[in-house]
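Peer 1: Here it is, the structure in full.
The values are calculated or read from the model by the stated rules, or taken from the named source; none is laboratory data. Quick caveat, the model's predicted, so the values are computed rather than measured. As a convention, Cβ positions derive from the backbone with ideal geometry for all residues, glycine included, and neighbour counts pool all protein chains shown. Each accessible area value is taken on the protein alone, full model and side chains, heavy atoms only, with ligands, DNA and RNA left out. Shrake-Rupley method; radii C 1.70, N 1.55, O 1.52, S 1.80 Å.
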Amino acid sequence: MLPEIKGLNEECGIFGVFGHQDAAQLTYYGLHSLQHRGQEGTGIVVSDGKKLKGVKGEGLVAEVFTTDAMKDLEGNAAIGHVRYATAGGGGYENVQPLLFHSQTGSLALAHNGNLVNANYLKYQLEAQGSIFQTSSDTEVLAHLIRRSGFPQLKDQVKNSLSMLKGAYAYLIMTETELMVALDPHGLRPLSLGCLGDAYVVASETCAFDVVGAEYIRDIMPGELLIINENGLTSEKFAISTTKAICTMEYIYFSRPDSNIQGINVHTARKNMGKQLAVEAPFEADVVTGVPDSSISAAIGYAEATGIPYEMGLIKNKYVGRTFIQPSQTLREQGVKMKLSAVRGVVEGKRVVMVDDSIVRGTTSRRIVNLLKEAGATEVHVVISSPPIKNPCFYGIDTSTKEELIASDKSVEQIRELIGADSLTFISVEGMMKALGQEGTNGYCLGCFTGNYPTEIYPDTLQYYYQK
């Protein structure tokens, strides 16, 4: 019998530097720019060429990395991580990077994504004597590497990566090297940049802008980059690769000033708003977006329809994202604290409210109520993603299928539940058109269509489709 799945899914951000005397400080700023990708824990591991040393903790980047915490992080290479946890997956021990010491050297790992065969691998490794110190699927790779029979670390890593299934962007650091790996489908974004003679790697290109690095290129699916004192080498660890970048990166997760596969996120979202104007035109007085990830789409909708865009909703910037809170109770409370309607803008007005997605329906219902309580006469909700009907197995917390409001309810039923006067989701075809694509090749739409780019293991299905 396979072990119980705990804390499978996480949406995180990773950042790495090699060859810079201020590696830890750069990583701090890089992680700060990626804070939107995870707000529950963060860590940095540095190398001075002889040993690895790390600091990590639960909380935000600025809370964990105090002046005292940073002063001992000296070295010319570093990797960092921001994370959030699902229920059962929190705790200090799961905060990354994970750091391992052995007689043959140290190893640090930072991971964004989710391994769909983690439990199978854990079961096999435990049968061979492995003892896991965390409930994170990230640790699986460390055990595979140490148990590999290949003499060189490069081959150990390549062999171990070939056993993993699912979504993974990995940073692997030893005393003398930084390795960068992306799964054969490229489900998570990962980019390479440079800062003088140093190399920089980040989940999003916005981190390059913050530290002053120059973007070089995206990491390719199935690619292993090895960075050391001799420079950079690129190798393939996967024979077959089929690109399938997560569409939710464009819709919700990434910052508007990031570029993914050459597409600016703000531009993509604005195009989605323009496409919604074609698919869902309304006679209205005001267009407003739900801050922050829906602002770009709202601007696009307003430009295309000629309806004025106004700040009808104000966000309390000191409250985290409701979608990535680990429990329903925290999500409910987060929505109440997070947003306020601007009565002077919406009172007596017909409002088009643009949002990026509806997952559980909690947030949408609350926002519609806020607008109507502030005097809006009509609230027409337009969503810049198709209905999310299926769980994500690759690292986004869309929970179980039963918690996804669109999994068993029609658009009209959802409209009634959230209290809107109308509800429109962008079509899959319209979303792809907004991304400049004629078809869906190269993108993962599993949460919308149920068609996943990888095999999904039975124990994973049991977890996500639990009754």
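Here is a yes/no grid of residues against (1) more than 17 Å from THR363 (Cα to Cα); (2) at pLDDT 95 or above; (3) among the β-branched types (Val, Ile, Thr):
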{"residue": "LEU276", "(1), (2), (3)": "yes, yes, no"}
{"residue": "ASP292", "(1), (2), (3)": "no, no, no"}
{"residue": "THR305", "(1), (2), (3)": "yes, yes, yes"}
{"residue": "ILE314", "(1), (2), (3)": "no, no, yes"}
{"residue": "LYS317", "(1), (2), (3)": "no, no, no"}
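Peer 1: Something else about it: If you go through segment 138-163 one residue at a time, how many are open to solvent by less than 10 Å² (accessible area, probe 1.4 Å) and either hydrophobic (A, V, I, L, M, F, W, C) or touching a His at 6+ places or on another chain (Cβ under 8 Å) (or both)?
Peer 2: Count: 7.
Peer 1: Something else now. Having 3 or more residues that are buried (at least 23 other Cβ atoms within 10 Å of the Cβ) is the bar; report the strands (runs of 3 or more DSSP E) wholly within segment 27-121 that clear it. Before you say what the answer is, go through the steps one by one.
Peer 2: Working: elements: 41-47, 52-58, 77-83, 98-102, 105-115.
The qualifying strands (runs of 3 or more DSSP E) are 41-47, 77-83, 105-115.
Peer 1: Could you check ALA284 against (1) at pLDDT below 95; (2) more than 23 Å from the chain's Cα centre (by Cα); (3) part of a loop (DSSP other than H, G, I, E, B) and say which number it fails?
Peer 2: Answer for ALA284: the failing condition is (1).
Peer 1: Residues that are small (Gly, Ala, Ser): find the helices (runs of 4 or more DSSP H) completely inside segment 347-441 holding 2 or more of those. Reasoning before the result, please.
Peer 2: On the way: elements: 362-373, 411-418, 428-434.
Hits in segment 347-441: 428-434.
Peer 1: Report the residue count in segment 218-264 for those that are out of contact with any Leu (no Cβ under 9 Å at 6 or more places or on another chain), modelled with pLDDT of 95 or more, among the β-branched types (Val, Ile, Thr) and open to solvent by 20 Å² or more (accessible area, probe 1.4 Å).
Peer 2: Count: 0.
Peer 1: Determine which single condition THR398 fails, assuming it passes every other condition in (1) open to solvent by less than 10 Å² (accessible area, probe 1.4 Å); (2) of a type in the set (Val, Ile, Thr); (3) modelled with pLDDT of 95 or more.
Peer 2: The single condition THR398 does not satisfy is (3).
Peer 1: Among (1) in contact with a helix residue (DSSP H, G or I) (Cβ under 9 Å, 6 or more places away or on another chain); (2) assigned to a loop (DSSP other than H, G, I, E, B); (3) within 23 Å of SER191 (Cα to Cα), where does GLN133 come up short?
Peer 2: With (1) in contact with a helix residue (DSSP H, G or I) (Cβ under 9 Å, 6 or more places away or on another chain); (2) assigned to a loop (DSSP other than H, G, I, E, B); (3) within 23 Å of SER191 (Cα to Cα) applied to GLN133, the lone miss is (3).
Peer 1: Consider VAL382 carefully, then state whether it is of a type in the set (Val, Ile, Thr), modelled with pLDDT of 95 or more and more than 20 Å from ARG343 (Cβ to Cβ).
Peer 2: So VAL382 fits the description; yes.
Peer 1: Could you tell me which residue of segment 287-313 is surrounded by the most Cβ atoms within 10 Å (Cβ to Cβ), considering only residues that are of a type in the set (Val, Ile, Thr) and in a helix (DSSP H, G or I)? Step through it out loud before you land on a result.
Peer 2: Looking only at segment 287-313, we keep the residues that are of a type in the set (Val, Ile, Thr), and these are 287-288, 290, 295, 299, 305, 307.
So of that shortlist, the ones also in a helix (DSSP H, G or I) come out as 295, 299, 305.
Working: ILE295: 23, ILE299: 19, THR305: 21.
So the residue we want is ILE295.
Peer 1: Could you list, ordered by first residue, the pairs with Cβ atoms under 7 Å in which the first is in segment 363-380 and closer than 21 Å to GLU403 by Cα and the second is open to solvent by 40 Å² or more (accessible area, probe 1.4 Å) and hydrophobic (A, V, I, L, M, F, W, C), at least 6 apart or interchain?
Peer 2: ARG365/LEU417
Peer 1: Quick check on segment 199-214. Is at least one of its residues without any contact (Cβ under 8 Å) to a residue 60 or more places away in the chain, open to solvent by 10 Å² or more (accessible area, probe 1.4 Å) and on the phi > 0 side of the Ramachandran plot?
Peer 2: Looking through segment 199-214, at least one residue is without any contact (Cβ under 8 Å) to a residue 60 or more places away in the chain, open to solvent by 10 Å² or more (accessible area, probe 1.4 Å) and on the phi > 0 side of the Ramachandran plot.
Peer 1: For the subset of segment 9-26 comprising residues that are among the hydrophobic types (A, V, I, L, M, F, W, C) and assigned to a strand (DSSP E or B), which member is most open to solvent (accessible area, probe 1.4 Å)? Talk me through it step by step, then tell me what you get.
Peer 2: Filtering segment 9-26 for residues among the hydrophobic types (A, V, I, L, M, F, W, C) gives 12, 14-15, 17-18, 23-24, 26.
When the remaining residues are screened for being assigned to a strand (DSSP E or B), the result is 14-15, 17-18.
On the way: ILE14: 0, PHE15: 0, VAL17: 0, PHE18: 26 Å².
Result: PHE18.
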